[in-house]
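A.B. asks: Okay, handing you the structure first.
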Amino acid sequence: MALILALDFGGTKLTAGVVDTAVFQSNSLTWYAHKRVYSPANGDAGHDLETMVTLGQALLAGQRATAVGISFGGPADFHS
């Protein structure tokens, strides 16, 4: 099984999912695992990153991802 870890940093929620690459050979997408948590009103980048690492590790359950995709719901400051 070849897994892809998908991470979505949204404005109000953080979502992580794992999909098996076998979906590319079928007509439908089936998530292997998926989890969403809401961002706290006073959250910061450090909190969001820590949350995503925790979600990703839990969803992969000791397995290794072949690839990781990351999306941001808005502008991201990559310098701080």
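A.B. asks: Within the stretch 47-62, how many residues turn out to be exposed (fewer than 13 other Cβ atoms within 10 Å of the Cβ), more than 14 Å from K13 (Cα to Cα) and either touching a helix residue (DSSP H, G or I) at 6+ places or on another chain (Cβ under 6 Å) or not small (G, A, S) (or both)?
C.D. replies: Counting residues in the stretch 47-62 that are exposed (fewer than 13 other Cβ atoms within 10 Å of the Cβ), more than 14 Å from K13 (Cα to Cα) and either touching a helix residue (DSSP H, G or I) at 6+ places or on another chain (Cβ under 6 Å) or not small (G, A, S) (or both) gives 2.
A.B. asks: Same structure, new question: Within the stretch 34-46, can you find the residues that are within 14 Å of D8 (Cα to Cα) and surrounded by 12 or more Cβ atoms within 10 Å (Cβ to Cβ)? Talk me through it step by step, then tell me what you get.
C.D. replies: To start, the set of residues in the stretch 34-46 that are within 14 Å of D8 (Cα to Cα) comprises 34-39, 45.
Within the stretch 34-46, H34, K35, R36, V37, S39 qualify.
A.B. asks: Looking at Y38 and the list (1) in contact with a strand residue (DSSP E or B) (Cβ under 7 Å, 6 or more places away or on another chain); (2) touching a residue at least 40 places away in the same chain (Cβ under 8 Å), which single condition is not satisfied?
C.D. replies: (2)
A.B. asks: Then there's this: Evaluate the stretch 19-34: report whether one residue or more is touching a residue at least 12 places away in the same chain (Cβ under 8 Å), at negative phi, outside any strand (DSSP E or B) and small (G, A, S). Steps first, answer last, please.
C.D. replies: Pass one, the stretch 19-34, residues touching a residue at least 12 places away in the same chain (Cβ under 8 Å): 19-22, 31-34.
From what's left, at negative phi: 19-22, 31-34.
Adding the requirement that they be outside any strand (DSSP E or B) leaves 21-22.
Then keep just the ones that are small (G, A, S); that gives 22.
Yes, the stretch 19-34 contains a residue that is touching a residue at least 12 places away in the same chain (Cβ under 8 Å), at negative phi, outside any strand (DSSP E or B) and small (G, A, S).
A.B. asks: Could you please give the count of residues in the stretch 1-28 that are exposed (fewer than 10 other Cβ atoms within 10 Å of the Cβ) and in contact with a helix residue (DSSP H, G or I) (Cβ under 9 Å, 6 or more places away or on another chain)?
C.D. replies: So the count comes out to 1.
A.B. asks: If you scan the stretch 17-32, which residues turn out to be among the aliphatic types (A, V, I, L, M) and at pLDDT below 90?
C.D. replies: Filtering the stretch 17-32 down to residues among the aliphatic types (A, V, I, L, M) leaves 18-19, 22-23, 29.
Within the stretch 17-32, A22, V23, L29 meet the criteria.
A.B. asks: Here is a follow-up. Would you point out the residue of the stretch 1-15, among those that are within 14 Å of A67 (Cβ to Cβ) and assigned to a strand (DSSP E or B), that is nearest to the chain's Cα centre (by Cα)? Spell out how you get there, then give the answer.
C.D. replies: Filtering the stretch 1-15 for residues within 14 Å of A67 (Cβ to Cβ) gives 1-7.
If we keep only those that are assigned to a strand (DSSP E or B) as well, we get 3-7.
Details: L3: 12, I4: 9, L5: 6, A6: 4, L7: 2 Å.
Selected residue: L7.
The values are calculated or read from the model by the stated rules, or taken from the named source; none is laboratory data. Computed from a predicted structure; not experimentally measured. FYI the Cβ positions are ideal-geometry reconstructions off the backbone, even for glycines, and counts take in every protein chain you see.
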